[in-house]
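What follows is a set of notes on a single structure, which appears directly below.
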Amino acid sequence: MSIKRINAIIIKEFKQLLRDKRYLFVLFFFPVFLLGMFGYAVNFDVKNIKLAVMDNDNSKESREFIKTLISSEYFILSGYIEKDSDIKPMLDNQDVQLILVVPQNFSTELAKNNGKPSLQFLVDGVNGNTALIINNYITSAAMNFNAKIQTGFAEKAGITSLSPINFQPRFWFNPSLETTKYLIPGLIAMILIVTAVVSVSLSLVREKERGTIEQIKVSSVNTIEMLLGKAVPYVCIAMLNGILVLIAGMLLFNLEIQGSYLLLLLTTSIFLLAGIILGIFVSVVADSQQVAFTIAVFLSFLPSFILSGFVFPIDSMPPIIQIITNITPAKFFVAASRSIILKGAGVSAIYDQLMYLILYTLFFLILAVLISIKKEKEL
Amino acid sequence: MNNIIEILDLKKNYSSVEAVKGISLEIHKGEMFALVGPDGAGKTTTIRMLTGLISPDSGKLSLLGKNIKENKNFIQNKIGYLSQKFSLYGDLTIDENIEFFAHIHNIFDYSERRNELLEFTRLTPFRDRLADNLSGGMKQKLALACSLIHRPEILFLDEPTTGVDPVSRRDFWKILSGLIKDGITILMTTPYLDEAERCTRVALMNDGKIIALDTPAEIKKSIGKSILEVVCSPSRKAYKIIKESGDLEVQLFGDRLNIMIENRQENIDEIMNIFNQNEIKISGTRIITPTLENVFIHLINN
């Protein structure tokens, strides 16, 4: 093996890469664009729910309840309704997502000893997911209100501390439950694997298509030198890309890396290696750039998006699909990098994932070698 | 070590197709040797086996007195290969292409040799131009320069002039003659018989076999026939008549007929008679020595 020959290939590859302005643009624009898309648009948090109120009671208590609702960031009061007949058109036109109807006897029932104060919520159920989340919000809002009222009554009666359990949920690692923080590790995984698989396979197949691979084969360069020379530039590019996304995540979405940078780098390198081997595998199978591109996208983009746990939690998939998720190395990287970035996990916590990645890499390396030997024999 | 390339009973199959059906060949040092034949004759397969790109199914192959399988590295440093497609990097300049090919052949002190090659192929004024922006002839010369950067002893050219204009072709041949003077051995494949005539020796290949192997002059002599060239009208009708009259081989080139004959006066008289009977006007006849093309078509037909 000659470092000088590998260097020659690396330099050549970088020259070609830097000259392909369009490809470079796609390579660096694509990740930032995706981050923006996923960060701002694909958001599972439901906020700013438009609320209309029909307050038939108009009492101190009813106003207080409305105030507790709109003082949170989840609800915006878009107006009051006077007549019953206005309720339906408002929901039909999707002017509001939620209508609260306070009955006339709300405060009086509340004041009675064994009164039954009730409230009516009308939720727009077209988007089932959102409706469910709204339902959860109002339930907990009502419960909070109940607790407050009860404490008030108890104090009047001279009894202190009526509630035996003080329920105060706290979420660890992502305390405000922001989906962006949860998405960024998955996004990095997707960008890295798409960059690695697509660029490595395309650059190898391009040599096949142009016939330059034959010139390399008749030279002193051997296969390992060739593959190393091809891999190094794209590892650099993919790493740069990953760092870019991480920095963008820090600046735009206040992401903080809890764990060790070194461990993150190591995990990323192993993952990239898996991606590059997958790219080499594609280049062995495909003979034209179109075919290579199609296979590469199919093997890298789709599984890392759907099956990696990036967007859809693996635990809630049917058992068979859960087994199929193992075809993408992104699954292991997403799990490992989430642990490092959000939890600050150490090596022992992600050991299994790293082993999986290494096994995965070895499997595809052997497969690629076997197929290329078989193809060579057919020549 | 006069024989720089030795081939013995070389065979190669592609799945069910027999591409090369057992050829034997010796090529001497300093020769300009051509493998000639139609598409699918097995020329490219042969040259690819010689460069070590594919391995033969059976047979012996030695270059520079060494077996190619066991001495791949040694041999690959001493051979240059120009494939059919002028394999270059279109997004690199002339200089960068040569630099890359120098490096992968372990040549790191290449600038003098590069200047020499660029001078030799007259590409010096274009050295900073991207290979994609070169004409077909210039691409071919650049590819040649790339394959010569490591001063190979044997140069393999696979249909080097296909798709190149006539002026560039002549230039290219001048460059090749220069290389032969320097003592390089050249083995080329070509579908053009006029190019084959310029080589020291020629192997005619058809259907995976060598059907003739000698100097162009000897091959032409070997069939022992001459060509009667008749300029006549209507030539198409005359061609049909001769073709139908029996065992004469005839080719039609515009208003000329080339009829292959035993070199005897009675044969000529006989043909003239046929033409007269069918009212074909003859404006000239002459006897010519057969070209390689005539011989080749004769051999394939037999």
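The values are calculated or read from the model by the stated rules, or taken from the named source; none is laboratory data. This is a predicted model, so every value here is computed, not measured. So basically every Cβ, Gly included, is an ideal-geometry build from the backbone, and we count neighbours across all protein chains shown. With ligands, DNA and RNA removed, areas are computed over all heavy atoms of the protein, side chains included. Shrake-Rupley method; radii C 1.70, N 1.55, O 1.52, S 1.80 Å.
Return the long-range amide H neighbours of B:MET205 (sequence gap of 5 or more, or a different chain), with a cut-off of under 5 Å between placed amide H atoms.
B:VAL36, B:GLY37, B:ILE211
What are the ³J(HN,Hα) couplings of region B:234-242, residue after residue, when phi is run through the Karplus curve with 6.51, -1.76, 1.60 and θ = phi - 60°? Round to Hz, x for glycine and proline.
Whole-Hz 3J(HN,Hα) from phi for region B:234-242: x, 5, 5, 5, 4, 4, 4, 4, 5.
Tell me, what ³J(HN,Hα) does each residue in region A:318-333 have, in order and in whole Hz, if you take phi through Karplus 6.51 cos²θ - 1.76 cosθ + 1.60 with θ = phi - 60° and put x for Gly and Pro?
Calculated HN-Hα couplings, in order: x, x, 5, 5, 4, 5, 4, 4, 5, 6, 10, x, 4, 4, 6, 5 Hz.
Using DSSP, restrict attention to beta bridges with both residues in chain B and report what percent are antiparallel, rounded to the nearest 5.
For chain B, the DSSP antiparallel bridge percentage is about 70.
Compute the distance from the alpha-carbon center of region B:220-293 to that of region A:230-279, in whole Å.
When both Cα centres are located, 78 Å separates them.
For the pairing of chain A with chain B, what total accessible surface becomes buried, with a 1.4 angstrom probe, in square angstrom to the nearest 100?
About 2600 Å² of accessible surface is lost on pairing.
To the nearest 10 degrees, how steep is helix A:261-285 against the longest Cα principal axis of chain A, on a 0 to 90 scale?
That works out to roughly 60 degrees.
Measure up A:LYS217/A:LYS375; A:LYS50/A:LYS181; A:LYS12/A:LYS217; A:LYS208/B:LYS11; B:LYS141/B:LYS174; A:LYS375/B:LYS60 against 21 Å on the Cα-Cα distance and list the ones that go over.
Cα-Cα > 21 Å for A:LYS50/A:LYS181; A:LYS208/B:LYS11; A:LYS375/B:LYS60; rest within.
Cα to Cα, under 20 Å, and not fewer than 8 places away if on the same chain: which aspartates and glutamates meet these conditions relative to B:LYS225?
B:ASP194, B:GLU197, B:ASP214, B:ASP247, B:GLU249, B:GLU262, B:GLU266, B:ASP269, B:GLU270, B:GLU293
With both partners inside the protein assembly as shown, how many of the DSSP beta bridges are antiparallel, as a percent to the nearest 5?
The answer is about 60 percent antiparallel.
Which value in nm describes the separation of the simple spin-label points at A:THR108 and B:ASN302, placed 7 Å from the Cα toward the beta carbon?
According to this spin-label approximation, the distance is 12.6 nm.
Using R₀ = 51 Å, calculate the FRET efficiency as 1/(1 + (r/R₀)^6) where r is the Cβ-Cβ separation of B:SER15 and B:GLU229; round to 0.05.
Once rounded, the FRET efficiency stands at 0.70.
Taking a ≥ b ≥ c as the square roots of the eigenvalues of the Cα gyration tensor of region B:154-206, is the shape rounded (a/c under 1.5), prolate (a/b larger than b/c) or oblate?
Judged from the Cα gyration tensor, region B:154-206 comes out oblate (a/c at least 1.5, b/c at or above a/b).
Would you mind putting B:275-288, A:186-199 in packing order, based on average other-beta-carbon counts within 10 Å, highest first?
Output ranking for B:275-288, A:186-199: A:186-199, B:275-288.
List the residues, sorted by chain then number, that are 5 or more residues from B:GLU249 or on another chain and whose placed amide H is less than 5 Å from its amide H.
Excluding prolines and chain starts, which carry no amide H, the hits are B:MET260.
Work through the residues other than A:LEU77 whose Cβ is under 10 Å from its Cβ and net out their charges, Lys, Arg +1 and Asp, Glu -1.
Charge balance in the 10 Å sphere: +2.
Kindly work out what percent of the DSSP beta bridges joining two residues of chain A are antiparallel, to the nearest 5.
The antiparallel fraction comes to roughly 30 percent.
In square angstrom, what is the accessible area per residue of the protein assembly as shown with a 1.4 angstrom probe?
51
Check each residue of region A:7-54 and keep those whose accessible area, probe 1.4 Å, is at least 30 Å² smaller with all protein chains in place than in the chain alone; give them in order of residue number.
A:ALA8, A:LYS12, A:LYS15, A:GLN16, A:ARG19
Once you keep just the Cα pairs under 8 angstrom separated by 6 or more residues, what percentage relative contact order results for region A:49-156?
Computed over region A:49-156, the figure is 29 percent.
For chain B, what does the relative contact order come out to in percent, with C-alpha contacts under 8 Å and a separation of six or more?
20 percent.
Suppose the chain between B:GLU266 and B:GLU218 were pulled fully straight at 0.36 nm per residue; how much longer would it get relative to their current alpha carbon spacing?
Residue separation times 0.36 nm, minus the Cα-Cα distance, leaves 14.7 nm.
First compute the accessible area of chain B with a 1.4 Å probe, then give the percent of it belonging to carbon and sulfur atoms.
That share works out to 46 percent.
Can you spot the aspartates and glutamates whose alpha carbon is less than 19 Å from A:LYS88's alpha carbon? Ignore those fewer than 8 places along the same chain.
A:ASP55, A:ASP124
Could you give the angle, 0 to 90 degrees to the nearest 10, between helix B:111-120's Cα long axis and the longest principal axis of the Cα atoms of chain B?
Its long axis makes an angle of about 20 degrees.
Helix B:136-148 sits at what angle to the longest principal axis of chain B, using alpha carbons and giving 0 to 90 degrees rounded to 10?
With both axes taken from Cα atoms, the answer is about 50 degrees.
If the reach is capped at under 14 angstrom between alpha carbons, list the aspartates and glutamates near B:LYS12, excluding any in the same chain fewer than eight residues apart.
Output for B:LYS12: A:GLU376, A:GLU378, B:ASP57, B:ASP207.
For B:VAL20, which sequence-distant residues (separation of 5 or more, or a different chain) have an amide H within less than 5 Å of its own amide H, given hydrogens modelled in the peptide plane?
For B:VAL20, whose amide H was placed from the backbone, the distant partners under 5 Å are B:LYS12.
Would you work out the relative contact order for chain A, in percent, from Cα pairs under 8 angstrom that are 6 or more residues apart?
Value for chain A: 18 percent.
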